[in-house]
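Everything below concerns the one structure shown next.
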């Protein structure tokens, strides 16, 4: 059975404001110095599948940018356009219906467009095993990350070993915990970070939509019935915005029975905010992470990211300083998660032009 990749690339990456904006969201940023996150995600799959079998699902407004920035890596008809943002259940269901109706079936590997993997060889080995299990056992497989610290920004998966199997069985998905709870999870040894990477057959996941998300499934069937016809585009534009908004985690994974998990220990990070930039860039001897022209005197443990201007700092510690085209961000490293609050506040201040 053929393996397909589905890259979800419709997010806004608001915690990376002001560098990440509606015009150029996080997945189009080159944070590592090598390539944009979306291209790194595409290229990472080359040992897992034929890259011509990759799909990117993105908002209609981002389609031109996807085609431009991916430099021919993705076929035009494999960029699936969402006329409205309806969360991950719609996005993944749309891709599953595309694969079933146009290519009969296949194993789907679901990725976010903006994550980082340090050890790609180990990553490929884990994903190949996940594909084998999903195809052979007709199962929903998720990738759990072995936690390295008590993160409060990730969801967790409670799991137990399945005797004689490479996989573990999932007992529970839990939401982002507070610090004390996260520490108890890590110390227990039975919780993994929820990476948001999934593997299953397209036909299998659609059966779960029919059972657990019938309202979503009804919309997907209407879209699927129009696929390959002259009405396909019009039907998608009419039906897609009516799909109920729900994540695949909440709608299916948390409710499905018999979900399997493979543990990943390959240097995964969702690069979710400025305080996680050390997952893609090295710190210097003073613990600083810098980009662009910077001069830091007696400054330690800072994230300083410039685009055009020289950024100079003296005697500061634990600060995030970011210079974008038309905005500057300054905040303590420990408050980096709150950058999203700025993005949410701007419209109410009539400052939408900075989004």
Alpha carbon convex hull of the stretch 213-355, volume per residue in cubic angstrom = 218 Å³
Normalising by the residue count of the stretch 202-336, find the relative contact order in percent from Cα pairs under 8 Å and 6+ residues apart.
-> 13 percent
Any idea how far apart residue 161 and residue 2 come out in nm if each label point goes 7 Å out from Cα toward Cβ?
-> 3.9 nm
Order of 137, 98 under a 10 Å beta carbon neighbour criterion, fewest first | 137, 98
Relative contact order in percent for the stretch 1-126 (Cα pairs under 8 Å, 6+ apart) equals 36 percent
Projected label distance in nm at residue 255 and residue 46, using a 7 Å step from Cα toward the beta-carbon | 4.1 nm
Euclidean distance between Cα centres, the stretch 144-210 to the stretch 287-355, Å = 33 Å
Given a Förster distance of 56 angstrom, what is the FRET efficiency for residue 230 paired with residue 188, based on the Cβ-Cβ distance and rounded to 0.05?
-> 0.50
Normalised by the number of residues in the chain, what is the relative contact order in percent for Cα pairs under 8 Å and 6+ residues apart?
-> 20 percent
Take the Cα of residue 247, step 7 Å along the line toward its Cβ, and report every residue of the stretch 84-113 whose backbone nitrogen sits under 15 Å from that point.
-> 86-92, 111-113
Give the angle, between 0 and 90 degrees and rounded to the nearest 10, that separates the Cα long axis of helix 214-226 from the longest principal axis of the Cα atoms of the chain.
-> 80 degrees
In 5 Å bins starting at 0, how do the alpha-carbon pair distances of the stretch 208-257 split up by percent?
-> 5, 21, 26, 19, 15, 9, 3, 1
Extension length gain for residue 307 and residue 341 (0.36 nm per residue less Cα distance), in nm, is 9.9 nm
So how do 321-330, 1-10 stack up, highest first, on mean other-Cβ count within 10 Å?
-> 1-10, 321-330
Determine, for each peptide in 85-96, 51-62, the mean count of other beta carbons within 10 angstrom over its residues, then list the peptides with the highest first.
-> 85-96, 51-62
Taking the chain as the reference, fit the longest principal axis to its C-alpha atoms, fit the long axis of helix 120-137 to the helix C-alpha atoms, and give the angle between the two in degrees, 0 to 90, nearest 10.
-> 20 degrees
If each part is reduced to its alpha-carbon centroid, the stretch 121-143 and the stretch 31-48 end up apart, in Å, by 20 Å
Spin-label pair residue 325/residue 237, simplified geometry with 7 Å Cα→Cβ offset, distance in nm | 2.7 nm
Roughly how large, in nm² to one decimal, is the mean projection of the convex hull of the alpha-carbon atoms in the chain?
-> 18.6 nm²
Square roots of five times the Cα gyration tensor eigenvalues for the stretch 135-195, Å = 23, 12, 9
Scale the Cα Rg of the stretch 8-143 by the rule-of-thumb value 2.2 N^0.38 Å and send over the ratio, two decimals.
-> 1.05
Which angle from 0 to 90°, rounded to the nearest 10, does the C-alpha axis of helix 87-103 make with the longest principal axis of the chain?
-> 40 degrees
Over the stretch 275-354, volume per residue of the alpha carbon convex hull, in Å³ = 95 Å³
Listed peptides 307-320, 213-226 by packing density, highest first (mean Cβ within 10 Å) = 213-226, 307-320
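No value in this document is a laboratory result; all are computed from the given coordinates. These numbers were taken from a predicted model, which means no experiment stands behind them. Please note: Cβ atoms are built from the backbone with ideal geometry, for glycine as well, and neighbour counts cover all protein chains shown.
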